[in-house]
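The values are calculated or read from the model by the stated rules, or taken from the named source; none is laboratory data. What you see is a predicted model, and the numbers here were worked out from it, not measured in a lab. Quick reminder, even Gly has a Cβ in these numbers, built from the backbone with ideal geometry, and neighbours come from all protein chains shown.
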Number of protein chains: 2
Amino acid sequence: MADRTELSELGEFGLIDKLNENTTIKNTSTIFGIGDDCAALDYKDKVVLVSTDALVEGVHFDMTYTPLKHLGYKACVVNFSDVYAMNGTPKQITITLSVSNRYSVEALEELYSGIHLACEKYGVDIVGGDTTSSTSGMFISITVIGEVEKDKMVRRNGAKEHDLICVTGDLGGAYAGLLVLQREKATFIANPKYQPDLATYEYVIERQLKPEAGKKTIEWFKENDIVPTAMIDISDGLASEVLHICKESDVGCELYIEKLPIDYQAARTLEEFKILPETGVLNGGEDYELLFTINQKDYDKIKTKENIHIIGYINDKNMGCKLVTPQNTTMDIKAQGFDHYRKNQENKDIKEK
Amino acid sequence: MADRTELSELGEFGLIDKLNENTTIKNTSTIFGIGDDCAALDYKDKVVLVSTDALVEGVHFDMTYTPLKHLGYKACVVNFSDVYAMNGTPKQITITLSVSNRYSVEALEELYSGIHLACEKYGVDIVGGDTTSSTSGMFISITVIGEVEKDKMVRRNGAKEHDLICVTGDLGGAYAGLLVLQREKATFIANPKYQPDLATYEYVIERQLKPEAGKKTIEWFKENDIVPTAMIDISDGLASEVLHICKESDVGCELYIEKLPIDYQAARTLEEFKILPETGVLNGGEDYELLFTINQKDYDKIKTKENIHIIGYINDKNMGCKLVTPQNTTMDIKAQGFDHYRKNQENKDIKEK
């Protein structure tokens with residue numbers, strides 16, 4: 001065996017880069033593979049989009065506070081979100097499920113009821129899967145197949161100087177919900193008779209346990225003849241995602257802290273945990289909102305649209321990627337997205353802010 | 001929580017049926033979903049094929065005797081095999097990998113070197129994936145996308161009375177290899193200084209650790225203008241697969257024990273384990289050969305083809321699915337394929353024969 005490099009030294013993205021450095025494309029039907037939310041395959045008039053995402057017990061979810069139905073729903077939605085992030089429509093999924101014998105059939109039916117609910121709501125077909133046992137825990141991997149007209153596909157690499165940077169919905173809520181659930185779990189372990197009162201955290205907990213994907217936004221784009229210049233879904237946190245767009249598009253950006261959308265309950269919850277709301281918005285993941293850039297010619301169409309917020313603009317690459325404070329000072333945007341192999345360290349970083 | 005049904009009561013196929021009983025198809029581009037080796041999607045002139053298969057440490061493979069490079073290779077080949085089983089050509093894969101921190105980067109590179117080797121050999125592009133940590137062990141899920149011309153697609157449901165039943169290569173070898181590897185592991189645990197001599201088991205071990213998929217057979221079909229009436233790959237054992245074809249095609253069959261192809265080393269190894277060679281051929285899985293039926297008009301094309309064996313013929317449904325012994329007695333074919341949730345019981349069944 002050669003020298004040993006620990007996974008923690010590379011982190012998740014480093015590992016993906018490392019593992020894929022020898023990947024080459026051989027088929028003309030492969031427009032592109034790794035490096036965006038989906039792969040794109042060419043089948044004449046349409047582009048077929050393919051993406052895959054896994055949820056692992058103990059890493060992505062904790063059974064002590066995740067209802068199985070919600071888990072099934074979320075496992076689907078996070079995949080649909082990748083297709084919407086290409087301006088596409090999810091059409092089919094395949095599901096791989098690996099579970100230990102400690103789960104009953106009824107438990108898996110509960111999981112599947114969430115999967116079916118999500119597929120029903122988003123109009124997606126379940127077309128295949130593989131169910132196997134595991135020696136411990138649960139593992140769900142879903143592959144989604146979607147489609148988009150060739151000239152409507154939006155990648156991460158099309159943002160141009162002066163484009164407006166927009167985001168849907170509100171951010172930081174899913175992360176705030178996770179903090180509440182983790183605290184409730186710790187309290188419950190210390191005192192099993194403890195009855196949690198989560199009524200005042202309802203919205204942020206729902207954001208964490210039952211996120212939604214950008215179907216309505218994509219439909220609105222179509223109705224209004226808007227094609228964003230670049231787009232990505234916010235799974236790892238706004239800061240990480242905006243840096244992806246800037247890197248792929250070879251541009252810089254300015255984001256205005258006072259424009260960042262946050263829900264009141266999310267802000268209040270983050271403050272309870274001594275986290276600045278803007279830190280939660282920038283670095284908290286799993287909101288599954290869409291971050292996109294549009295040409296200024298579309299400003300009139302978008303300026304009054306409910307649930308879409310203009311949070312900054314694309315700059316020349318040499319200007320860097322900057323956050324602008326209400327006091328008009330600037331600082332560099334740094335990614336502190338969720339990284340499985342560095343989980344403890346990163347959560348510590350976020351909390352220390 | 002409702003009444004509890006143990007997974008073991010249903011078994012893998014029962015569980016899949018149960019979980020998918022509410023699955024409906026909503027999109028016109030979905031020709032069909034669950035129930036065959038692949039889902040089929042309609043994109044004008046071609047059918048897009050999608051399939052997914054997972055390998056779980058401790059269930060599908062044992063790290064003590066599985067080289068990581070072979071594991072990566074096999075994880076790909078078992079998926080390609082599903083596409084060939086539709087008479088299609090695999091084109092793209094996505095990979096989900098979940099591994100604990102006990103694996104080093106070099107170990108995963110070794111795994112990926114096998115994945116790249118398989119993709120190179122079979123002409124397949126890696127177009128996406130998701131890499132996450134796990135709390136224990138390794139989990140690999142691969143989704144393959146392939147294509148086939150509409151009028152060349154072969155399903156499980158097209159076998160007709162009088163069709164010939166054919167199989168490629170030889171069977172039982174992968175199961176024999178597994179038995180050897182499991183025995184060597186047990187010996188090694190009892191005596192860590194033990195040096196195994198596996199030279200006389202080389203072929204069966206390779207069949208287990210590094211199987212190949214039916215690329216050449218599918219190419220030969222094309223060159224010779226043959227379209228099988230039904231086809232399936234042999235992952236769970238010949239008996240289980242032939243019953244799948246008969247059930248889906250609503251027919252019966254007769255298989256001749258003396259026609260079943262087995263390699264000499266595989267037969268000798270099975271005998272060493274007190275297993276009848278025909279039992280290993282019928283119930284041992286993981287050979288990834290193709291089982292198919294053809295119309296008798298194609299007999300002249302296939303009769304002298306190396307590596308394709310005619311092992312029986314399709315019968316009327318009312319005649320049942322029968323095995324014919326060399327003494328011309330018949331018995332019912334029973335599936336004893338590999339079932340994760342019934343693993344111990346089934347392996348016991350096989351060994352007791």
Requested in this report: Please identify the pairs in which a residue from segment B:131-154 that is closer than 18 Å to B:Val83 by Cα and in contact (Cβ under 8 Å) with a residue 40 or more places away in the chain has its Cβ atom under 8 Å from the Cβ atom of a residue that is basic (Lys, Arg) and part of a strand (DSSP E or B), counting only partners at least 6 apart or on another chain.
Outcome: B:Ile145/B:Lys91; B:Gly146/B:Lys91; B:Glu147/B:Lys46; B:Glu147/B:Lys91; B:Val148/B:Lys46; B:Glu149/B:Lys46; B:Lys150/B:Lys46
Requested in this report: Report yes if A:Val48 is more than 21 Å from A:Leu178 (Cβ to Cβ) and of a type in the set (A, V, I, L, M), otherwise no.
Outcome: yes
Query raised in the report: For B:Leu171, are the conditions met, namely being within 20 Å of the chain's Cα centre (by Cα), surrounded by fewer than 24 Cβ atoms within 10 Å (Cβ to Cβ) and either part of a loop (DSSP other than H, G, I, E, B) or not β-branched (Val, Ile, Thr) (or both)?
Result: no
Report task. Hey, can you tell me all the residues within segment B:85-138 that are within 7 Å of chain A (Cβ to nearest Cβ), of a type in the set (A, V, I, L, M, F, W, C) and under 24 Å from the mean Cα position of the chain (by Cα)? Result -> B:Ile126, B:Val127
Requested in this report: Find the residue count for segment A:316-327, including only residues that are of a type outside the set (A, V, I, L, M, F, W, C) and within 17 Å of A:Val167 (Cα to Cα).
Outcome: 1
Query raised in the report: Is one or more of the residues making up segment B:212-226 out of contact with any Ser or Thr (no Cβ under 8 Å at 6 or more places or on another chain), of a type in the set (Gly, Ala, Ser) and under 21 Å from B:Gly173 (Cα atoms)?
Result: no
Query raised in the report: Scanning for something in contact with a Ser or Thr (Cβ under 7 Å, 6 or more places away or on another chain), hydrophobic (A, V, I, L, M, F, W, C), modelled with pLDDT of 85 or more and more than 22 Å from A:Glu219 (Cα to Cα), does segment A:117-129 turn up at least one residue?
Result: no
Query raised in the report: How many residues are outside any strand (DSSP E or B) and touching a Gly at 6+ places or on another chain (Cβ under 7 Å) when one looks only at segment A:119-140?
Result: 2
Report summary line: Checked segment B:264-321 for anything farther than 23 Å from B:Val78 by Cα, of a type in the set (Gly, Ala, Ser) and under 21 Å from the mean Cα position of the chain (by Cα); matches are B:Ala267, B:Gly312
Report task. Answer yes or no: is there a residue in segment A:151-158 that is loosely packed, with under 15 Cβ neighbours inside 10 Å and either at pLDDT below 90 or assigned to a loop (DSSP other than H, G, I, E, B) (or both). Result -> yes
Report task. Inspect segment A:82-90 for any residue being farther than 28 Å from B:Ile145 by Cβ and surrounded by fewer than 24 Cβ atoms within 10 Å (Cβ to Cβ) and give the result as yes or no. Result -> no
Query - Unmet criterion (only one of (1) of a type outside the set (A, V, I, L, M, F, W, C); (2) touching a Phe, Trp or Tyr at 6+ places or on another chain (Cβ under 6 Å); (3) at pLDDT below 80) for A:Ser98 - result: (3)
